[in-house]
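Comments concern the structure below.
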């Protein structure tokens, strides 16, 4: 099973997020990450959906999404031709004498301290999912108090845009 990244341009209207997530979950697939936001044109939103599944399941999801009138464009972003980032905020317990060590670790990961209290430190990091997960693993030994993540957002590398893309090739008709 692979992690598949779908980028969609959709109508910016009530219910589109719910219908998109429902379409995927009703077919028994779990959404690993979903990020959505308005584009430069307020009529449209951009969604980045990450689903772990096989190629056939990806084709099924793509086929169903392309049938939706609210989906204007859809790109499947292969790992070798995408730029993908997420934002992670993590609040860590700072036991006496550990603050400097945590800040040194944050520096290695290019994380930024955004809140400092007597007994905790909140860090912000942006990057690939693997980078966030590596930081979490290291900070676990200090005592993570709270985590929040935005979900990944992605674009195709180079000058190609979603507006230039043709519908993805899929290998079958999926009802």
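Points worth noting:
- Whole-Å distance, taken between Cα centres, linking the range 100-131 and the range 57-92: 28 Å
- Relative contact order of the range 2-81, pairs being alpha-carbon contacts under 8 Å that are 6 or more residues apart, as %: 47 percent
- For P(r) over Cα pairs in 10 Å bins from 0, in percent, the value computed from the atomic coordinates appears in the list (i) 9, 33, 27, 19, 10, 1, 0; (ii) 10, 36, 31, 18, 5, 0; (iii) 10, 39, 36, 12, 3, 0 under label (i).
- Gained length - residue 43 relative to residue 67, 0.36 nm times residue gap less alpha-carbon distance: 6.7 nm
- Here the calculated FRET efficiency for residue 14 and residue 95, from their Cβ-Cβ distance with R0 = 45 Å, stands at 0.45, rounded to the nearest 0.05.
- Gain upon complete extension [residue 27, residue 122; 0.36 nm per residue less C-alpha separation]: 30.4 nm
- Applying 0.36 nm per residue to the separation of residue 165 and residue 146 and subtracting their alpha-carbon distance, the gain on full extension is 2.9 nm.
- Relative contact order %, the chain, counting alpha carbon pairs below 8 Å whose residues are six or more apart: 29 percent
- Choice from 142, 44, 70 with maximal GNM fluctuation in the chain (Cα, 10 Å cutoff): 142
No value in this document is a laboratory result; all are computed from the given coordinates. This structure is a prediction, so every number in the text was calculated from the model and none was measured. Heads up, the Cβs are rebuilt from the backbone with ideal geometry, glycines too, and the neighbour counts pull from every protein chain shown.
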